[in-house]
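The values are calculated or read from the model by the stated rules, or taken from the named source; none is laboratory data. Not measured: the values here are computed from a predicted model. Because the Cβ atoms are built from the backbone with ideal geometry, glycine has one as well, and the counts that use them run over all protein chains shown. The area values use the complete protein model at the heavy-atom level, side chains included, leaving out ligands, DNA and RNA. Shrake-Rupley method; radii C 1.70, N 1.55, O 1.52, S 1.80 Å.
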Amino acid sequence: MFGLFGKYESLAEKVDRSQRLSRDEASVLAGAPLALLGLLASRVKERKSGREVYYNRNFHIEPTNICVFNCRFCSYRRPAGASDAWDYSEEEILAQVEAHRDSGATEIHIVGGVHPQHDLYYYADLIRKVKRILPQASVKAFTAIELAYMIDKAGLTPHDGLALLKEAGMEAIPGGGAEIFDEAIRARICPEKGSSETWLAMHREAHRIGISTNATILYGHVENWEHRIDHLDRLRTLQDETGGFNAFIPLKYRSRHNSMSEVGEVSVVEDMRMTALARIYLDNFPHIKAYWPMFGKTTAQIALAFGADDMDGTIDDSTKIYSMAGARTSLRP
């Protein structure tokens, strides 16, 4: 069937037979014609979820852009006292939730900067109050890096900290903060941030106590395909162990208003190659997400032909993380 694709034929046949690729095989397949990657990823996607495409009715709360870390790729972070920093009070946050009381929202996504003062107990209390306003909506909150900081600040173990948040009403964890797992690259782009093992350990513990999570990669900066495949492999290994990941989200580096702007941005072709290879390699992940505030709506739609089956959600003009980095798509329908 794949004879026209030469040296990629045996790998394509292997994927088509639902056989797992090794890291070395994935490295080879990463260079395959885009049409082949799209075809293979679409076949994998259809085995996973048929022709369905998923989304939810959600909105984001970003409590603050003040952050103790200063990642080079980040356009969102501001130091305390900056003129364009924000730090919403509890009353302001709850007012945002109240404004969505009749929206039909099924999910509340809470993520922001790693605030130097707020600890686990502050956020657990906040989640309880959010759930009182919208008890029918699930709360997906805090990256593993945020969680590590707030739990450590409270003097608790990851297990006990996550259990407290779960009791408060947190039902899932987003995938942010993973960036790229290679420590040499992390030392260049986010030297202050927690290690890759910190991220993986937090998600492992969440899975153990019944909290589902997502996973991400930040690609298109100073990494290469070797680093990307290593990242995917560590995620696949953890999913083999726990089965707790719901979706993988490839996040494109956006270059405006940060200290890595000279790197530029990769093409839409590279976006599709990344999306497709993720769908092929992460054979134990239920879903691959095309995050449209990052890709833009048109590119996100194209990604549906390269293995993605999840468009995230309605979002309701409630996130600034990618718009501050130069993503141009309006969040409004």
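Structure above, values below:
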| item | result |
| --- | --- |
| Percent of alpha-carbon pairs separated by more than 34 Å within the chain | 21 |
| Phi-based couplings in Hz for the range 296-309 (Karplus 6.51, -1.76, 1.60; Gly and Pro marked x) | x, 5, 5, 5, 4, 5, 4, 4, 5, 8, 10, x, 6, 9 |
| Karplus-derived 3J(HN,Hα), 6.51/-1.76/1.60, for each residue of the range 233-247, Hz, glycine and proline x | 5, 5, 5, 4, 5, 5, 5, 4, 6, 10, x, x, 7, 9, 8 |
| Solvent-accessible area per residue, Å², over the chain with all protein chains present [probe radius 1.4 Å] | 41 |
| Sequence-distant residues sharing a close amide H with Ile110 (under 5 Å, placed H) | Ile61, Lys140, Ala141, Phe142 |
| Probe 1.4 Å, all protein chains present, accessible-area order of Tyr149, Tyr281, Tyr54, largest first | Tyr54, Tyr149, Tyr281 |
| Gaussian network model of the chain, springs between alpha carbon atoms under 10 Å - residue of Gly244, Gly264, Gly194 with greatest fluctuation | Gly264 |
| Residue-by-residue Karplus 3J(HN,Hα) for the range 63-69, coefficients 6.51, -1.76, 1.60, Hz, glycine and proline x | x, 7, 10, 6, 9, 6, 9 |
| Full-stretch length increase - Ser89, Ala163 - with 0.36 nm per residue and alpha-carbon distance subtracted | 24.2 nm |
| The range 188-272 - percent of accessible surface contributed by carbon and sulfur, probe 1.4 Å | 47 |
| Separation in nanometres of the label points that stand 7 Å from Cα toward Cβ, at Val53 and Ala154 | 3.9 |
| With all protein chains modelled, accessible area of Thr216 [1.4 Å, Å²] | 10 |
| Cα centroid of the range 71-124 to Cα centroid of the range 10-29, whole Å | 42 |
| Tilt relative to the chain, helix 144-153 - C-alpha long axis, 0 to 90 degrees, to 10 | 30 |
| The range 46-187 - charge dipole about Cα centre, Lys and Arg +1 at Cβ, Asp and Glu -1, debye rounded to 20 | 360 |
| Over the range 41-177, volume per residue of the alpha carbon convex hull, in Å³ | 147 |
| Lysine pairs meeting the criterion (Cα under 17 Å, 8 or more apart or interchain), as found in the chain | 16 |
